[in-house]
Amino acid sequence: MKKVTLLIPVYNEEAMLPSLYGRLIELINRNDMYEWEILFINDGSCDGTLDCLHRLRQADQRVNYVNLSRNFGKEIAMLAGFDYTTGDCCVVMDADLQDPPELVDQMLQYWEEGYDDIYAKRRNRGEESWLRRRLSLAFYKILQKMSRIDILPNVGDFRLLDRRCVLSLRNLREHERYTKGLFCWIGYKKKGIEFDRGDRLAGHSSWSFFKLLNLAIEGITSSSTAPLRIATVCGVLVSFSSFIYAIYFLIKTILYGDQAAGFPTLIVVILFLGGIQLFSLGVIGEYIGRIFKETKGRPTYIASDYNETKLGYDQH
């Protein structure tokens, strides 16, 4: 009998877990030809999430949970899930029920047909504001133009992955992770399913504007070196423009005599060149910062508990 793992990272989702578990049990009962595992990754929640997971585990042995020693972020929590999953395939989904578990039925059908990565593509983005929706779409367009791999637009983490996809992702141990890009990078046979994203039923999203901005920067710098190329091109263009400008003033001085340059012009040129330099240094600094984090050799996360077992210092 094939085994399916439902991988769900959770952070302060105490209010959502009972409803989520009920929907997952309906999914499992509809597909009793599979063996099931529900794997929760508690990403350092500070509410009653861990106690709720413990109660679910006591009531249903198909529920497993990994408790991380602190909040490492969703991207790292998914990596922990890949490390601990035991299924022949793994369904990654959020705990807020915006990604409907009912879609897993169709994913399993395509998996049985031989597809390795069945991803859910959003027709709409649920309760997101107009500005956030527009910024998200703009980010995907920018990322597609900058990256050498085909980044799927309007596609989140909700997907079914075959075991060999999971093993490939497990071997990618980088700290600065953009998993949506890694899903595309590993390749394999993919299939898309369109769906209407629902609204969160309880609790609040932990994704603030600045967290989403940081994720966007991670996505661009993890998937492409185009910002470094842009900084180089800007430097070349500014240097060439400055050279032409200098030739212009040299010829003007020879023909019309030495005239003092205007103070506003001088200030504008200095500020423009200084802005280009600071921009270039900032881009270089982003990449150097990532090199610094990778060279430390620290584990990507520390798991303190697996179900009722204390792991002590289980590093990965």
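The values are calculated or read from the model by the stated rules, or taken from the named source; none is laboratory data. All values derive from a computational prediction rather than experimental measurement. No Cβ is skipped: glycine too gets one built from the backbone with ideal geometry, and neighbour counts run over all protein chains shown.
Answer with yes or no whether GLU75 is outside any strand (DSSP E or B) and buried (at least 23 other Cβ atoms within 10 Å of the Cβ).
On the way: outside any strand (DSSP E or B): yes; buried (at least 23 other Cβ atoms within 10 Å of the Cβ): no.
Spelling it out, it is not the case that GLU75 is outside any strand (DSSP E or B) and buried (at least 23 other Cβ atoms within 10 Å of the Cβ).
Which pairs do you get when a residue that is surrounded by fewer than 16 Cβ atoms within 10 Å (Cβ to Cβ), found in the stretch 59-71, comes within reach of a residue that is assigned to a loop (DSSP other than H, G, I, E, B), reach meaning Cβ atoms under 6 angstrom, with the pair 6+ apart or on two chains?
Pairs found: ARG70/GLY44.
Restricting the search to the stretch 85-113, which residues are crowded, with 18+ Cβ neighbours inside 10 Å and assigned to a helix (DSSP H, G or I)?
Correct list: PRO101, LEU103, VAL104, MET107, LEU108, TYR110, TRP111.
Kindly indicate whether any position in the stretch 3-11 is in a loop (DSSP other than H, G, I, E, B), touching a Ser or Thr at 6+ places or on another chain (Cβ under 7 Å) and at pLDDT 85 or above.
yes
Report, ordered by the first and then the second residue, all pairs with beta carbons closer than 7 Å, sequence separation of six or more or different chains, a first member in the stretch 76-102 that is closer than 19 Å to TYR11 by Cα and hydrophobic (A, V, I, L, M, F, W, C), and a second member that is modelled with pLDDT under 85 and in a strand (DSSP E or B).
Close Cβ pairs (under 7 Å, with a partner that is modelled with pLDDT under 85 and in a strand (DSSP E or B)) amount to MET78/ASP157; ALA80/ALA303; VAL92/ASP157.
Which of the residues belonging to the stretch 164-194 are at pLDDT 80 or above and either touching a Pro at 6+ places or on another chain (Cβ under 7 Å) or part of a helix (DSSP H, G or I) (or both)?
ARG164, CYS165, VAL166, LEU167, SER168, LEU169, ARG170, LEU182, PHE183
Looking at LYS121, LYS141, which one is modelled with pLDDT of 80 or more, under 17 Å from the mean Cα position of the chain (by Cα) and surrounded by fewer than 20 Cβ atoms within 10 Å (Cβ to Cβ)?
LYS121
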